[in-house]
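A.B. asks: Structure in C-alpha coordinates, see below.
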Amino acid sequence: MTFSRRDFLQGSGAALGAWALSGGPARAATHPPFKLDAGVFSQKVRADGPATEVWGFNGSVPGPVLRFAQGDKVDLHVVNHLPQVTTVHWHGLRVPNDMDGVPHVTQHPIEIGGSFDYRFALPDAGTYWYHPHQSSFEQVPRGLYGAFIVEEPRPVQVDREVVWVLADFKLGDDNKQVEDFGKVLDFGSDGRHGNVFTINGTAAGPDRKLELRPNERVRLRLINAASARLFRLEFVGHAPWVVSYDGQPVSPHPIPDGKLFLAPGQRTDLVIDGSAAPGATHAVVDRRGTGTQIASIAYAGKPVRARRLGRPAAMAPNRLVEPRLDKATRHYLMFDGGVKGMPAIAQVDGKPMKVEEIMAQHGITWTMNYTAQHEHAMMHEPLFHMKRGEHVVLRMVNNTNFEHPMHLHGHFFRVLAHNGKPNAMREWRDTVILGPRGSCDIAFVADNVGEWMFHCHILDHAAGGMMGTVVVDD
Ligand code: C2O
Ligand code: CU
(Lines give C-alpha, C1' and ligand atoms only; values in the text may rest on other atoms or scores of the structure.)
(Ligands and ions follow the chains in the order given, each with its own letter.)
Protein backbone atom coordinates (compact mmCIF):
# COMPACT_ATOMS: atom_id res chain seq x y z
CA MET A 1 0.00 0.00 0.00
CA THR A 2 1.19 3.52 -0.72
CA PHE A 3 -0.50 6.76 0.22
CA SER A 4 -4.24 6.42 0.51
CA ARG A 5 -6.34 9.16 -0.97
CA ARG A 6 -6.78 10.63 2.50
CA ASP A 7 -3.04 10.73 3.08
CA PHE A 8 -2.71 12.55 -0.15
CA LEU A 9 -5.43 15.09 0.61
CA GLN A 10 -4.09 15.75 4.07
CA GLY A 11 -0.46 15.58 3.17
CA SER A 12 -0.05 17.45 0.00
CA GLY A 13 -3.36 18.64 -1.41
CA ALA A 14 -4.47 22.17 -2.10
CA ALA A 15 -2.09 23.71 0.41
CA LEU A 16 1.03 22.36 -1.28
CA GLY A 17 1.81 25.64 -3.01
CA ALA A 18 1.73 27.47 0.28
CA TRP A 19 4.37 25.14 1.71
CA ALA A 20 6.92 25.41 -1.05
CA LEU A 21 10.18 26.84 0.21
CA SER A 22 9.39 30.33 -0.97
CA GLY A 23 5.73 30.49 0.08
CA GLY A 24 3.67 31.47 3.11
CA PRO A 25 0.05 31.15 4.17
CA ALA A 26 -2.74 33.52 3.29
CA ARG A 27 -3.58 36.62 5.36
CA ALA A 28 -6.08 36.56 8.21
CA ALA A 29 -9.67 36.25 7.06
CA THR A 30 -13.21 35.77 8.34
CA HIS A 31 -14.48 32.43 7.10
CA PRO A 32 -18.05 31.49 6.18
CA PRO A 33 -19.62 28.76 8.38
CA PHE A 34 -18.09 25.33 7.93
CA LYS A 35 -20.28 22.33 8.72
CA LEU A 36 -19.00 19.49 10.87
CA ASP A 37 -21.45 16.64 10.86
CA ALA A 38 -20.94 14.07 13.63
CA GLY A 39 -22.41 10.75 12.54
CA VAL A 40 -22.16 6.99 12.22
CA PHE A 41 -20.85 5.35 9.04
CA SER A 42 -18.47 2.63 7.98
CA GLN A 43 -14.88 2.96 7.00
CA LYS A 44 -12.21 0.55 5.89
CA VAL A 45 -9.83 0.39 8.86
CA ARG A 46 -8.08 -2.92 8.31
CA ALA A 47 -6.97 -3.62 4.76
CA ASP A 48 -8.49 -7.11 4.93
CA GLY A 49 -12.06 -8.06 5.73
CA PRO A 50 -15.17 -5.94 6.11
CA ALA A 51 -15.30 -2.20 6.81
CA THR A 52 -15.78 -1.05 10.40
CA GLU A 53 -18.71 0.92 11.77
CA VAL A 54 -17.21 4.10 13.20
CA TRP A 55 -18.35 7.46 14.55
CA GLY A 56 -16.75 10.48 12.94
CA PHE A 57 -17.05 13.90 11.39
CA ASN A 58 -18.16 14.44 7.78
CA GLY A 59 -17.99 10.75 6.94
CA SER A 60 -14.32 10.13 7.66
CA VAL A 61 -12.02 9.21 10.53
CA PRO A 62 -10.25 11.45 11.22
CA GLY A 63 -12.61 14.28 10.35
CA PRO A 64 -11.56 16.91 7.84
CA VAL A 65 -8.30 18.74 8.46
CA LEU A 66 -9.43 22.21 9.50
CA ARG A 67 -6.78 24.56 8.18
CA PHE A 68 -6.80 28.29 8.75
CA ALA A 69 -4.33 31.14 9.12
CA GLN A 70 -3.30 32.74 12.40
CA GLY A 71 -5.70 35.56 13.24
CA ASP A 72 -8.59 34.09 11.24
CA LYS A 73 -12.14 34.13 12.55
CA VAL A 74 -13.89 30.80 12.14
CA ASP A 75 -17.48 29.60 12.39
CA LEU A 76 -17.88 25.87 12.88
CA HIS A 77 -21.42 24.60 12.63
CA VAL A 78 -21.56 21.23 14.42
CA VAL A 79 -24.53 18.99 13.68
CA ASN A 80 -25.17 15.96 15.88
CA HIS A 81 -26.29 12.83 14.04
CA LEU A 82 -24.91 10.52 16.73
CA PRO A 83 -27.09 8.29 18.93
CA GLN A 84 -25.82 10.32 21.95
CA VAL A 85 -25.59 13.96 22.95
CA THR A 86 -22.19 15.48 22.21
CA THR A 87 -20.00 18.62 22.14
CA VAL A 88 -16.80 19.55 20.33
CA HIS A 89 -13.73 20.78 22.18
CA TRP A 90 -10.92 22.53 20.27
CA HIS A 91 -7.92 21.04 22.00
CA GLY A 92 -5.22 23.65 22.67
CA LEU A 93 -6.97 26.57 21.01
CA ARG A 94 -7.35 29.57 23.31
CA VAL A 95 -11.02 30.18 22.68
CA PRO A 96 -13.49 32.17 24.82
CA ASN A 97 -14.84 29.97 27.60
CA ASP A 98 -18.33 29.59 26.10
CA MET A 99 -16.79 28.16 22.90
CA ASP A 100 -14.72 25.51 24.70
CA GLY A 101 -17.15 22.66 24.13
CA VAL A 102 -17.41 21.20 27.63
CA PRO A 103 -20.90 19.85 28.38
CA HIS A 104 -22.63 21.34 31.45
CA VAL A 105 -19.59 23.52 32.21
CA THR A 106 -19.41 25.81 29.16
CA GLN A 107 -22.53 24.79 27.20
CA HIS A 108 -25.53 22.49 27.12
CA PRO A 109 -24.73 19.24 25.35
CA ILE A 110 -25.82 19.24 21.71
CA GLU A 111 -29.01 17.20 21.59
CA ILE A 112 -29.41 14.28 19.21
CA GLY A 113 -30.41 15.92 15.94
CA GLY A 114 -29.36 19.35 17.26
CA SER A 115 -26.55 21.70 16.33
CA PHE A 116 -24.22 24.29 17.85
CA ASP A 117 -22.22 27.13 16.32
CA TYR A 118 -18.70 27.54 17.55
CA ARG A 119 -17.35 30.97 16.61
CA PHE A 120 -13.91 32.17 17.64
CA ALA A 121 -10.70 33.79 16.46
CA LEU A 122 -7.36 32.00 16.23
CA PRO A 123 -4.71 33.90 18.20
CA ASP A 124 -2.13 31.11 18.01
CA ALA A 125 -0.53 29.29 15.11
CA GLY A 126 0.33 25.61 15.40
CA THR A 127 -0.98 22.05 15.37
CA TYR A 128 -4.19 21.44 17.33
CA TRP A 129 -7.10 19.03 17.16
CA TYR A 130 -10.77 18.65 17.90
CA HIS A 131 -12.83 15.98 19.63
CA PRO A 132 -16.00 15.64 21.73
CA HIS A 133 -15.84 16.32 25.45
CA GLN A 134 -19.03 14.37 26.09
CA SER A 135 -18.39 10.72 27.08
CA SER A 136 -15.02 11.17 25.45
CA PHE A 137 -13.83 7.75 26.71
CA GLU A 138 -16.32 6.31 24.20
CA GLN A 139 -16.84 8.99 21.54
CA VAL A 140 -13.15 9.60 20.82
CA PRO A 141 -12.07 5.94 20.39
CA ARG A 142 -15.10 5.36 18.16
CA GLY A 143 -13.47 7.83 15.76
CA LEU A 144 -14.57 11.38 16.60
CA TYR A 145 -11.41 13.46 16.18
CA GLY A 146 -9.62 15.54 13.58
CA ALA A 147 -6.64 17.83 13.02
CA PHE A 148 -6.96 21.61 13.42
CA ILE A 149 -4.06 23.47 11.85
CA VAL A 150 -3.37 27.18 12.19
CA GLU A 151 -0.71 28.33 9.76
CA GLU A 152 2.06 30.68 10.83
CA PRO A 153 2.63 33.86 8.82
CA ARG A 154 6.21 32.59 8.44
CA PRO A 155 6.24 28.79 8.78
CA VAL A 156 9.38 26.71 8.96
CA GLN A 157 10.49 26.33 5.35
CA VAL A 158 9.82 22.88 3.93
CA ASP A 159 9.05 21.27 0.59
CA ARG A 160 5.94 19.51 1.79
CA GLU A 161 3.79 18.93 4.79
CA VAL A 162 2.21 15.72 6.12
CA VAL A 163 -0.31 15.31 8.95
CA TRP A 164 -0.43 12.07 10.92
CA VAL A 165 -3.27 11.65 13.35
CA LEU A 166 -2.24 8.65 15.47
CA ALA A 167 -4.82 6.59 17.31
CA ASP A 168 -6.02 3.04 17.73
CA PHE A 169 -9.19 1.03 17.32
CA LYS A 170 -10.15 -2.03 19.35
CA LEU A 171 -11.50 -4.42 16.73
CA GLY A 172 -12.71 -7.98 16.87
CA ASP A 173 -11.83 -10.58 14.21
CA ASP A 174 -14.99 -9.46 12.40
CA ASN A 175 -13.52 -5.92 12.22
CA LYS A 176 -16.32 -4.61 14.44
CA GLN A 177 -15.41 -2.26 17.29
CA VAL A 178 -15.40 -4.11 20.60
CA GLU A 179 -18.26 -2.63 22.64
CA ASP A 180 -16.54 -2.57 26.00
CA PHE A 181 -16.37 1.14 26.72
CA GLY A 182 -16.52 2.31 30.31
CA LYS A 183 -15.06 -0.69 32.15
CA VAL A 184 -14.01 0.17 35.72
CA LEU A 185 -10.90 -1.95 35.29
CA ASP A 186 -9.81 0.19 32.32
CA PHE A 187 -10.63 3.36 34.25
CA GLY A 188 -8.39 2.22 37.09
CA SER A 189 -5.41 0.96 35.10
CA ASP A 190 -3.85 1.89 31.76
CA GLY A 191 -7.14 2.75 30.09
CA ARG A 192 -8.81 1.02 27.16
CA HIS A 193 -6.22 0.31 24.48
CA GLY A 194 -7.01 -0.59 20.91
CA ASN A 195 -5.37 -3.52 19.11
CA VAL A 196 -5.12 -1.82 15.71
CA PHE A 197 -2.79 1.19 15.51
CA THR A 198 -4.03 3.75 13.02
CA ILE A 199 -2.54 6.59 11.04
CA ASN A 200 -5.22 8.92 9.68
CA GLY A 201 -7.92 6.38 10.47
CA THR A 202 -6.58 3.28 8.73
CA ALA A 203 -4.37 0.49 10.02
CA ALA A 204 -0.75 1.40 10.57
CA GLY A 205 2.12 -0.99 9.81
CA PRO A 206 5.16 -1.53 7.62
CA ASP A 207 2.93 -1.09 4.53
CA ARG A 208 2.10 2.49 5.46
CA LYS A 209 4.60 4.56 3.56
CA LEU A 210 5.85 8.06 4.04
CA GLU A 211 7.45 8.60 0.65
CA LEU A 212 10.47 10.87 0.55
CA ARG A 213 12.81 12.01 -2.15
CA PRO A 214 16.50 12.29 -1.31
CA ASN A 215 17.27 15.55 0.50
CA GLU A 216 13.63 16.51 0.58
CA ARG A 217 12.44 18.41 3.67
CA VAL A 218 9.02 17.53 5.10
CA ARG A 219 7.12 18.92 8.07
CA LEU A 220 5.38 16.07 9.85
CA ARG A 221 2.61 17.16 12.20
CA LEU A 222 1.98 14.40 14.74
CA ILE A 223 -1.20 14.34 16.82
CA ASN A 224 -1.94 11.67 19.41
CA ALA A 225 -5.72 11.24 19.31
CA ALA A 226 -5.70 7.81 21.00
CA SER A 227 -7.90 7.63 24.06
CA ALA A 228 -5.28 5.95 26.23
CA ARG A 229 -2.13 5.01 24.31
CA LEU A 230 1.22 6.77 24.71
CA PHE A 231 3.57 6.53 21.77
CA ARG A 232 7.36 6.57 21.84
CA LEU A 233 8.36 6.93 18.21
CA GLU A 234 11.70 6.20 16.64
CA PHE A 235 12.43 7.23 13.05
CA VAL A 236 15.11 4.71 12.21
CA GLY A 237 17.86 6.06 9.95
CA HIS A 238 16.69 9.64 10.36
CA ALA A 239 17.42 12.55 12.68
CA PRO A 240 14.23 14.63 12.74
CA TRP A 241 14.19 18.11 14.24
CA VAL A 242 11.54 18.94 16.81
CA VAL A 243 10.18 22.37 15.85
CA SER A 244 7.13 22.62 18.11
CA TYR A 245 5.36 20.94 21.02
CA ASP A 246 1.59 21.32 21.36
CA GLY A 247 1.68 23.94 18.61
CA GLN A 248 4.24 26.16 20.36
CA PRO A 249 7.55 26.64 18.53
CA VAL A 250 10.75 25.55 20.23
CA SER A 251 14.33 26.07 19.23
CA PRO A 252 14.78 23.21 16.70
CA HIS A 253 16.51 20.28 18.37
CA PRO A 254 16.92 16.54 17.82
CA ILE A 255 14.35 14.25 19.48
CA PRO A 256 15.57 13.73 23.08
CA ASP A 257 17.05 10.18 23.31
CA GLY A 258 15.94 9.66 19.71
CA LYS A 259 12.49 8.50 20.80
CA LEU A 260 9.57 10.86 20.73
CA PHE A 261 7.16 10.62 23.64
CA LEU A 262 3.67 11.54 22.51
CA ALA A 263 0.94 11.18 25.10
CA PRO A 264 -2.78 11.32 24.35
CA GLY A 265 -3.68 14.92 23.53
CA GLN A 266 -0.12 16.02 22.72
CA ARG A 267 1.22 17.18 19.36
CA THR A 268 4.76 17.44 18.05
CA ASP A 269 5.85 18.96 14.76
CA LEU A 270 8.95 17.42 13.23
CA VAL A 271 11.08 18.47 10.30
CA ILE A 272 12.39 15.35 8.56
CA ASP A 273 15.09 15.45 5.91
CA GLY A 274 15.22 12.71 3.33
CA SER A 275 18.59 11.15 4.01
CA ALA A 276 18.68 7.92 1.97
CA ALA A 277 18.96 6.92 -1.68
CA PRO A 278 16.08 5.86 -3.95
CA GLY A 279 14.91 2.34 -3.16
CA ALA A 280 15.86 2.54 0.52
CA THR A 281 13.24 2.05 3.25
CA HIS A 282 13.44 2.74 6.96
CA ALA A 283 11.08 1.84 9.78
CA VAL A 284 9.03 4.12 12.01
CA VAL A 285 8.67 2.16 15.24
CA ASP A 286 6.66 2.67 18.41
CA ARG A 287 9.15 1.73 21.12
CA ARG A 288 6.55 1.39 23.87
CA GLY A 289 6.30 -2.26 24.84
CA THR A 290 7.80 -4.71 22.40
CA GLY A 291 8.14 -2.30 19.48
CA THR A 292 5.60 -2.07 16.69
CA GLN A 293 6.46 -0.81 13.25
CA ILE A 294 3.75 1.70 12.40
CA ALA A 295 5.07 2.93 9.05
CA SER A 296 7.96 2.91 6.61
CA ILE A 297 9.88 5.81 5.14
CA ALA A 298 10.37 4.87 1.50
CA TYR A 299 12.66 6.60 -0.97
CA ALA A 300 11.90 7.23 -4.59
CA GLY A 301 12.56 9.92 -7.17
CA LYS A 302 15.32 12.37 -7.94
CA PRO A 303 17.05 14.34 -5.17
CA VAL A 304 15.24 17.58 -4.40
CA ARG A 305 18.55 19.34 -3.89
CA ALA A 306 22.21 18.46 -3.98
CA ARG A 307 22.72 18.31 -0.22
CA ARG A 308 20.64 17.75 2.85
CA LEU A 309 19.56 21.01 4.53
CA GLY A 310 20.97 22.01 7.92
CA ARG A 311 19.20 22.89 11.12
CA PRO A 312 15.93 24.71 10.37
CA ALA A 313 15.35 28.23 11.67
CA ALA A 314 13.12 28.58 14.72
CA MET A 315 9.60 29.85 14.10
CA ALA A 316 8.40 33.00 15.84
CA PRO A 317 6.63 32.22 19.13
CA ASN A 318 2.93 32.80 19.66
CA ARG A 319 2.10 35.74 21.87
CA LEU A 320 1.88 34.19 25.32
CA VAL A 321 2.44 36.15 28.52
CA GLU A 322 5.56 34.99 30.35
CA PRO A 323 4.78 33.82 33.90
CA ARG A 324 6.83 35.56 36.59
CA LEU A 325 7.84 33.01 39.16
CA ASP A 326 8.84 35.61 41.78
CA LYS A 327 5.31 36.90 42.05
CA ALA A 328 3.43 33.70 41.32
CA THR A 329 0.73 32.17 43.52
CA ARG A 330 1.50 28.52 44.36
CA HIS A 331 -1.05 25.78 43.98
CA TYR A 332 -0.71 22.06 44.62
CA LEU A 333 -2.47 19.04 43.21
CA MET A 334 -2.13 15.50 44.56
CA PHE A 335 -3.10 12.52 42.49
CA ASP A 336 -4.07 9.23 44.12
CA GLY A 337 -5.72 6.00 43.12
CA GLY A 338 -5.65 3.41 40.43
CA VAL A 339 -6.10 -0.31 40.91
CA LYS A 340 -3.11 -0.13 43.25
CA GLY A 341 -3.05 2.54 45.94
CA MET A 342 -6.51 4.04 46.23
CA PRO A 343 -7.06 6.00 49.49
CA ALA A 344 -9.61 4.51 51.90
CA ILE A 345 -12.00 7.46 51.84
CA ALA A 346 -12.51 10.14 49.24
CA GLN A 347 -15.05 12.76 48.34
CA VAL A 348 -17.22 12.13 45.34
CA ASP A 349 -19.23 14.99 43.95
CA GLY A 350 -18.85 16.70 47.32
CA LYS A 351 -19.67 13.77 49.63
CA PRO A 352 -17.10 11.68 51.56
CA MET A 353 -17.46 7.98 50.77
CA LYS A 354 -15.69 4.67 51.31
CA VAL A 355 -13.58 3.71 48.36
CA GLU A 356 -15.16 0.29 47.77
CA GLU A 357 -18.56 1.96 47.54
CA ILE A 358 -17.22 4.58 45.21
CA MET A 359 -15.78 2.03 42.82
CA ALA A 360 -18.91 -0.07 42.86
CA GLN A 361 -21.39 2.79 42.56
CA HIS A 362 -19.56 5.34 40.46
CA GLY A 363 -16.73 3.57 38.67
CA ILE A 364 -14.39 6.06 40.30
CA THR A 365 -10.81 5.00 40.77
CA TRP A 366 -8.83 8.25 41.00
CA THR A 367 -8.77 11.38 43.10
CA MET A 368 -7.24 14.83 42.70
CA ASN A 369 -6.67 16.50 46.09
CA TYR A 370 -8.78 13.67 47.56
CA THR A 371 -11.82 14.54 45.51
CA ALA A 372 -13.14 12.88 42.41
CA GLN A 373 -15.30 14.33 39.70
CA HIS A 374 -16.14 12.31 36.69
CA GLU A 375 -19.31 13.63 35.17
CA HIS A 376 -19.50 17.12 33.82
CA ALA A 377 -23.09 17.36 34.99
CA MET A 378 -21.97 16.80 38.60
CA MET A 379 -19.04 19.22 38.73
CA HIS A 380 -19.33 20.88 42.11
CA GLU A 381 -16.24 22.67 43.39
CA PRO A 382 -13.37 23.94 41.25
CA LEU A 383 -9.90 22.72 42.27
CA PHE A 384 -8.88 26.34 42.77
CA HIS A 385 -9.65 29.92 41.76
CA MET A 386 -7.33 32.47 40.19
CA LYS A 387 -7.71 36.15 39.49
CA ARG A 388 -7.49 37.32 35.92
CA GLY A 389 -3.85 38.06 35.14
CA GLU A 390 -2.59 36.08 38.13
CA HIS A 391 0.76 34.37 37.73
CA VAL A 392 0.56 30.79 38.90
CA VAL A 393 2.98 27.99 39.68
CA LEU A 394 1.28 24.62 39.98
CA ARG A 395 3.01 21.61 41.49
CA MET A 396 1.45 18.26 40.66
CA VAL A 397 2.38 15.25 42.76
CA ASN A 398 1.55 11.81 41.46
CA ASN A 399 1.06 9.18 44.16
CA THR A 400 -0.05 6.60 41.63
CA ASN A 401 1.85 3.97 39.65
CA PHE A 402 0.54 5.33 36.36
CA GLU A 403 1.42 8.07 33.89
CA HIS A 404 -1.05 10.90 33.51
CA PRO A 405 -0.94 13.34 30.58
CA MET A 406 -2.53 16.35 32.29
CA HIS A 407 -4.34 18.85 30.07
CA LEU A 408 -5.34 22.39 30.98
CA HIS A 409 -7.97 24.11 28.84
CA GLY A 410 -7.83 27.72 27.67
CA HIS A 411 -4.14 28.31 28.49
CA PHE A 412 -0.60 27.21 27.75
CA PHE A 413 1.87 26.63 30.55
CA ARG A 414 5.63 26.49 30.79
CA VAL A 415 6.96 23.12 31.95
CA LEU A 416 9.37 24.12 34.72
CA ALA A 417 10.47 20.80 36.19
CA HIS A 418 9.92 17.05 36.23
CA ASN A 419 10.51 15.24 39.53
CA GLY A 420 12.03 18.43 40.94
CA LYS A 421 14.67 18.52 38.19
CA PRO A 422 14.59 21.80 36.26
CA ASN A 423 13.57 21.43 32.63
CA ALA A 424 16.08 23.45 30.63
CA MET A 425 13.84 23.73 27.58
CA ARG A 426 10.89 25.17 29.56
CA GLU A 427 8.66 24.56 26.57
CA TRP A 428 5.06 25.75 26.46
CA ARG A 429 2.50 22.97 26.43
CA ASP A 430 -1.17 22.37 27.05
CA THR A 431 -0.70 18.68 27.94
CA VAL A 432 2.19 17.37 30.03
CA ILE A 433 3.10 13.86 31.14
CA LEU A 434 3.10 13.43 34.90
CA GLY A 435 5.27 10.35 35.45
CA PRO A 436 4.41 7.47 37.83
CA ARG A 437 5.23 8.43 41.44
CA GLY A 438 6.66 11.64 40.03
CA SER A 439 5.99 15.33 40.15
CA CYS A 440 5.73 18.12 37.64
CA ASP A 441 5.87 21.91 38.06
CA ILE A 442 4.20 24.18 35.56
CA ALA A 443 3.70 27.95 35.38
CA PHE A 444 1.27 30.13 33.49
CA VAL A 445 -0.61 33.39 33.54
CA ALA A 446 -4.34 32.96 34.13
CA ASP A 447 -5.47 35.38 31.45
CA ASN A 448 -8.50 33.63 29.96
CA VAL A 449 -11.59 34.21 32.11
CA GLY A 450 -13.92 31.33 32.91
CA GLU A 451 -14.17 27.84 34.36
CA TRP A 452 -11.66 25.57 32.60
CA MET A 453 -11.23 21.83 32.60
CA PHE A 454 -8.05 20.36 34.03
CA HIS A 455 -7.95 16.62 33.48
CA CYS A 456 -6.00 13.56 32.54
CA HIS A 457 -6.08 12.93 28.78
CA ILE A 458 -6.16 9.19 29.25
CA LEU A 459 -9.86 9.51 28.72
CA ASP A 460 -10.68 6.47 30.86
CA HIS A 461 -8.82 8.09 33.76
CA ALA A 462 -10.83 11.28 33.31
CA ALA A 463 -14.01 9.22 33.38
CA GLY A 464 -12.67 7.46 36.48
CA GLY A 465 -12.39 10.68 38.49
CA MET A 466 -9.29 12.45 37.21
CA MET A 467 -11.13 15.50 36.13
CA GLY A 468 -11.63 18.90 37.66
CA THR A 469 -11.91 22.56 36.85
CA VAL A 470 -9.97 25.70 37.68
CA VAL A 471 -11.59 29.12 37.55
CA VAL A 472 -10.16 32.40 36.30
CA ASP A 473 -12.31 35.12 37.90
CA ASP A 474 -12.74 38.43 36.13
CU1 C2O B 1 -8.39 17.17 24.41
CU2 C2O B 1 -10.37 18.36 27.78
O3 C2O B 1 -9.45 17.72 26.09
CU1 CU C 1 -4.35 9.55 33.89
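A.B. asks: Report yes if Leu408 is away from ligand 1 (no atom under 16 Å from the Cβ), touching a residue at least 12 places away in the same chain (Cβ under 8 Å) and surrounded by 17 or more Cβ atoms within 10 Å (Cβ to Cβ), otherwise no.
C.D. replies: Spelling it out, it is not the case that Leu408 is away from ligand 1 (no atom under 16 Å from the Cβ), touching a residue at least 12 places away in the same chain (Cβ under 8 Å) and surrounded by 17 or more Cβ atoms within 10 Å (Cβ to Cβ).
A.B. asks: Could you list all residues from region 130-151 that are touching a residue at least 60 places away in the same chain (Cβ under 8 Å), open to solvent by 10 Å² or more (accessible area, probe 1.4 Å) and more than 13 Å from ligand 1 (Cβ to nearest atom)?
C.D. replies: Arg142, Glu151
Each row is one residue, and each column tells you yes or no for (1) within 16 Å of ligand 2 (Cβ to nearest atom); (2) of a type outside the set (Val, Ile, Thr); (3) surrounded by 19 or more Cβ atoms within 10 Å (Cβ to Cβ).
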{"site": "Lys73", "(1), (2), (3)": "no, yes, no"}
{"site": "Asp100", "(1), (2), (3)": "no, yes, yes"}
{"site": "Thr106", "(1), (2), (3)": "no, no, yes"}
{"site": "Ser115", "(1), (2), (3)": "no, yes, no"}
{"site": "Tyr118", "(1), (2), (3)": "no, yes, yes"}
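A.B. asks: Can you tell me which residue is nearest to ligand 2 (Cβ to nearest atom) among those in region 439-456 that are under 16 Å from Asp100 (Cβ atoms) and either open to solvent by less than 10 Å² (accessible area, probe 1.4 Å) or under 20 Å from the mean Cα position of the chain (by Cα) (or both)?
C.D. replies: This residue is His455.
Each row is one residue, and each column tells you yes or no for (1) in the same structural domain as Pro214 (by TED's automatic domain parsing); (2) out of contact with any helix residue (DSSP H, G or I) (no Cβ under 8 Å at 6 or more places or on another chain); (3) open to solvent by 80 Å² or more (accessible area, probe 1.4 Å).
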position	(1), (2), (3)
Arg267	yes, yes, no
His282	yes, yes, no
Phe335	no, yes, no
Pro352	no, yes, yes
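A.B. asks: Can I ask one more? Does region 291-309 hold any residues that are over 17 Å from Gly258 (Cα atoms) and open to solvent by 30 Å² or more (accessible area, probe 1.4 Å), and which are they?
C.D. replies: Hits for region 291-309 are Ala300, Gly301, Lys302, Pro303, Val304, Arg305, Ala306, Arg307, Arg308, Leu309.
A.B. asks: Moving to a separate point now. Among the listed residues Pro240, Pro214, Pro252, Pro206, which satisfies the condition of being open to solvent by less than 30 Å² (accessible area, probe 1.4 Å) and under 15 Å from Val284 (Cα atoms)?
C.D. replies: Just one listed residue meets the conditions, Pro240.
A.B. asks: Please work out which one of (1) under 29 Å from Leu144 (Cα atoms); (2) modelled with pLDDT under 95; (3) open to solvent by 20 Å² or more (accessible area, probe 1.4 Å) is the condition Asn399 fails and give its number.
C.D. replies: Going through (1) under 29 Å from Leu144 (Cα atoms); (2) modelled with pLDDT under 95; (3) open to solvent by 20 Å² or more (accessible area, probe 1.4 Å) one by one, Asn399 breaks only (1).
A.B. asks: So which residues in region 362-396 are at positive phi and at pLDDT below 95, if there are any at all?
C.D. replies: Gly363, Asn369, Tyr370
A.B. asks: Confirm whether Asn398 is over 23 Å from the mean Cα position of the chain (by Cα) and within 16 Å of ligand 2 (Cβ to nearest atom).
C.D. replies: No.
Matching residues to (1) open to solvent by less than 20 Å² (accessible area, probe 1.4 Å); (2) over 28 Å from Thr268 (Cα atoms); (3) among the polar types (S, T, N, Q); (4) within 16 Å of ligand 2 (Cβ to nearest atom):
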| residue | (1), (2), (3), (4) |
| --- | --- |
| Gln373 | yes, yes, yes, yes |
| Asn419 | no, no, yes, no |
| Glu427 | yes, no, no, no |
| Asp430 | yes, no, no, yes |
| Arg437 | no, no, no, yes |
| Ile458 | yes, no, no, yes |
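A.B. asks: Looking at Arg330, is it over 30 Å from Pro278 (Cα atoms) and either under 27 Å from the mean Cα position of the chain (by Cα) or in a strand (DSSP E or B) (or both)?
C.D. replies: Criteria met by Arg330.
A.B. asks: Can we say Arg319 is outside any strand (DSSP E or B), modelled with pLDDT of 95 or more and open to solvent by less than 80 Å² (accessible area, probe 1.4 Å)?
C.D. replies: no
The values are calculated or read from the model by the stated rules, or taken from the named source; none is laboratory data. Everything numeric in this text was worked out from a predicted model, so none of it was measured. Virtual Cβ from ideal backbone geometry, glycine too; neighbours counted across all protein chains shown. The area values use the complete protein model at the heavy-atom level, side chains included, leaving out ligands, DNA and RNA. Shrake-Rupley method; radii C 1.70, N 1.55, O 1.52, S 1.80 Å.
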